[in-house]
Amino acid sequence: MLLKFFVPLICFFTILSSVLLGKVTNIWMVIIFGSLFAFSVAVHNKYPRLHRLQIVFLLIFHWYSHLNWCLIFYYILILLSSQKKQTYNQKLPISFMYISLYSTIRLAYQPINTYNLLVAVYDFIGAALIVLLYHYFLNLELEKIRLKEKNAFLETHDPLTELLNYKGYINALQDLINKPCNFVLILIDFQDFKSVNNQSISNGNEVLVNISLLLRRVFSDAYMISRYAGDRFAITIPAKENIIHEIDELLSSDVLGYQVTHSSTQFPQESALKEELITIAEEKLFQNKRNVWLKREESLFRSEKMRAVGELAAGMAHEIRNPLTTIKGFMQLSTQNGYDIGPWFEIIMSEITRMNELTSEFLQFSKPNISNMKPELVTSCLDRLLFLTESDAVSRGHKIVLETAADSLCVYIDRDKMVQVLLNLVRNGLEAMNEPGTIYIRSKREDNYAVVEIEDTGQGISLAEQAKILQPFYTTKDNGTGLGLSICQKIAQDHGGRLDFQSIVGIGSIFRFILPVYHESNL
C-alpha cells in the first residue's frame, strides 16, 4: 500500500524537479517512462511479469531526467528483488548490479572526475548497508512472526506429542458444536502408563509419543485428537450407525498395545452443550475406571487367597513330613526286631498326635499355635530331640553329639513347637552332609538368653543363598517347599526369640535358636 502511494508521488516530484532545474532533455519521455515505472511498481504483486521491465523503465526515466535523485528508485528495486532471496550473500550481488546501472547512467550525463567516482563508491557502500539493514530487520520480523506462531501453537497444542492440549480440545469441541455435525466424543485413559512413567521419564515420554502416533493411525478420520491430564486422550470422530459398539470392540482389543479404560458420548443425542457433553463423558470414564478397579481388586483378592491356600498346603505337607520320617525310621528299626514296635509305640503315637495338631494348626489358616506355653527345661527338649533324630542319623551314617550347659536353662515355651524347630534344623543338617559327618547340638547361656546351636559339617551355604534361605518358598532341595526355615523363624519370633545362622562353604553351618531365659518375674 505504501508503494502504491509514495512511488507515484516521488516520480511526480522528480519529474517536476527535473523540469524546474532545467535537467530534462525530453519532457514526454520523462513523463511516459516515469509513469510506466510508477505503475509497474504499484502492481508488481499482481503482474509478476512486469518485474523485468521495471529496471528498463527506470533506466530510460533516469536518462531523460538527468537527476541523481532517481537513486531512491534503485533502492526500491533492490528491496523488492531482495524479498525473494534468503541470505545476505544472495541479496548483495543484486544490489551491486542495480547500483552499477545507476552509476553508469549518472556518469553518462556528468563529468567523470574524482568526486563523481568517489560518489559512485559511496553509492555501492550505501547499497550494501541498505541491504544489510533490510536483511537484519526482515529476519528480526520473521523471527517475531515465528515466535508468535509458536506461542499460538503451544497455547493449544501439547509440545511433546503435537496433539491438541486441553485448551485446544475445548476450542475444537466448541467449533464442532457450532458447525453443527454429529460426532462421538471418546475419552481414553491408559491404565498401565503410570508404571511405565515411574521407571523413567524418558520411557514415559517415548510411550506417549508412540501412543499419539498410533491414535492418529487408528482414528485416521478423527476431527480432533487431544492429550490432556498426562495420560488421557480425547478424540472426536464422525457419528455413524453402530459406532459405539465398534469403538468398544476396537479399544477392548490389543490394537493399542496397552490396557485402556474409555467412554463414548454422542452429540447431540446425549447433550448439545459443550460443558454437559464433557461432564457426561468424564463421569462415564470415572465409572468405567471404578468398575475396572473393583474387578482388579476382586481378582487380586482371589489370587491372594489362592496364594495363601498354596502356602497352607505346602507348609502343612512340609511339617507333616518330619513326623512321618520319624515313624518311618522306627518302623524300619522294628523290622530288625521281629516287628516288635512296643519300645517305640509311645513315640510313634506321639508323632501321630503331633501330625494331627499340625494339620489342625494349618487348617486354622493363622500363625502357629503357641497356646500351650509353660516353663520347660532346655535339656528335656534336647533329650526328646536326640531320641527323635538319632535313628535317622544312624541310618544315614552320621552321628549326633549333644553338649548341654553346666547350669540348667529354663525357658517359657510351647515344648512341641521348640522341638519342631530343633527337629527341622537337625534334619536340615543331616541332609546337608553328603559324606559321613557329625551334628553337634549345644545349649548354653548368653546373658539373659538360652541359646541352642545346631552345627553340621556339611557343604555350607553360599553368600547368595544365605540372603534368601529364610524367605518363604526358597529352597535348594529337589523336594523341598522352602517353608521349613521361615516357619522356624516365625515360631522363634512368637516366643520372643530369634533364629540366627552362620555358614562357611566347605566347612559347615551353625544355626542358633535363641530364646529368653525364664524367670518368674517374666510372667
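Could you say which residue among I76, I99 is in contact (Cβ under 8 Å) with a residue 60 or more places away in the chain and surrounded by 15 or more Cβ atoms within 10 Å (Cβ to Cβ)?
Residue meeting the stated conditions: I76.
Check region 193-202 and report whether any residue there is surrounded by 11 or more Cβ atoms within 10 Å (Cβ to Cβ), at pLDDT 85 or above, under 20 Å from the mean Cα position of the chain (by Cα) and over 26 Å from E276 (Cα atoms).
No, every residue in region 193-202 fails to be surrounded by 11 or more Cβ atoms within 10 Å (Cβ to Cβ), at pLDDT 85 or above, under 20 Å from the mean Cα position of the chain (by Cα) and over 26 Å from E276 (Cα atoms).
Is it the case that region 52-62 has a residue that's crowded, with 20+ Cβ neighbours inside 10 Å and either in a loop (DSSP other than H, G, I, E, B) or in contact with a Cys (Cβ under 6 Å, 6 or more places away or on another chain) (or both)?
Looking for residues that are crowded, with 20+ Cβ neighbours inside 10 Å and either in a loop (DSSP other than H, G, I, E, B) or in contact with a Cys (Cβ under 6 Å, 6 or more places away or on another chain) (or both), one finds at least one in region 52-62, hence yes.
Quickly run through region 492-518 and pick out the residues that are under 21 Å from L430 (Cα atoms), in contact with a Leu (Cβ under 8 Å, 6 or more places away or on another chain) and modelled with pLDDT under 90.
Answer for region 492-518, where residues must be under 21 Å from L430 (Cα atoms), in contact with a Leu (Cβ under 8 Å, 6 or more places away or on another chain) and modelled with pLDDT under 90: just L499.
Just give me the residues in region 210-231 being on the phi < 0 side of the Ramachandran plot and part of a loop (DSSP other than H, G, I, E, B), in sequence order.
Correct list: F219, S220, D221, A222, Y223, D231.
Consider S380 carefully, then state whether it is small (G, A, S), without any contact (Cβ under 8 Å) to a residue 60 or more places away in the chain and either outside the structural domain of R512 (by TED's automatic domain parsing) or under 25 Å from Y518 (Cβ atoms) (or both).
yes
Being closer than 20 Å to V131 by Cβ, assigned by TED's automatic domain parsing to the domain that holds Q110 and surrounded by 13 or more Cβ atoms within 10 Å (Cβ to Cβ), is that true of even one residue in region 26-49?
yes
Would you confirm whether or not region 15-34 contains a residue that is among the small types (G, A, S), under 27 Å from F137 (Cα atoms) and without any contact (Cβ under 8 Å) to a residue 24 or more places away in the chain?
no
Inspect all residues belonging to region 165-172 and state whether any of them is assigned by TED's automatic domain parsing to the domain that holds A222, in contact (Cβ under 8 Å) with a residue 12 or more places away in the chain and of a type in the set (A, V, I, L, M, F, W, C).
Yes, some residue in region 165-172 is assigned by TED's automatic domain parsing to the domain that holds A222, in contact (Cβ under 8 Å) with a residue 12 or more places away in the chain and of a type in the set (A, V, I, L, M, F, W, C).
It is to be established whether one or more residues within region 256-273 are within 15 Å of L173 (Cβ to Cβ), surrounded by fewer than 14 Cβ atoms within 10 Å (Cβ to Cβ) and not small (G, A, S).
yes
Just a yes or no: is a residue in region 16-28 at pLDDT below 85, part of a helix (DSSP H, G or I) and small (G, A, S)?
Yes: region 16-28 contains one or more residues that are at pLDDT below 85, part of a helix (DSSP H, G or I) and small (G, A, S).
Can you name the condition, by its number, that A229 falls short on among (1) crowded, with 17+ Cβ neighbours inside 10 Å; (2) within 25 Å of H157 (Cα to Cα)?
For A229, the failing item is (1).
Here is a check on your reading of the model: is I72 assigned by TED's automatic domain parsing to the domain that holds S18 and assigned to a helix (DSSP H, G or I)?
yes
Being among the polar types (S, T, N, Q) and either outside the structural domain of Q174 (by TED's automatic domain parsing) or at pLDDT below 85 (or both) narrows it down to one of S220, S263, S299, S212, so name that one.
So the residue among S220, S263, S299, S212 that is among the polar types (S, T, N, Q) and either outside the structural domain of Q174 (by TED's automatic domain parsing) or at pLDDT below 85 (or both) is S299.
Kindly indicate the residue of region 392-410 that is of a type in the set (S, T, Y) and modelled with pLDDT under 85 and also surrounded by the fewest Cβ atoms within 10 Å (Cβ to Cβ) among those meeting that condition.
Within region 392-410, the match that is surrounded by the fewest Cβ atoms within 10 Å (Cβ to Cβ) is S408.
Report whether or not G329 is closer than 30 Å to D392 by Cα, at pLDDT 70 or above and either among the aromatic types (F, W, Y) or not assigned by TED's automatic domain parsing to the domain that holds L185 (or both).
Against the criterion (closer than 30 Å to D392 by Cα, at pLDDT 70 or above and either among the aromatic types (F, W, Y) or not assigned by TED's automatic domain parsing to the domain that holds L185 (or both)), G329 qualifies.
The values are calculated or read from the model by the stated rules, or taken from the named source; none is laboratory data. Quick caveat: nothing in here was measured; it's all calculated off a predicted structure. So basically every Cβ, Gly included, is an ideal-geometry build from the backbone, and we count neighbours across all protein chains shown.
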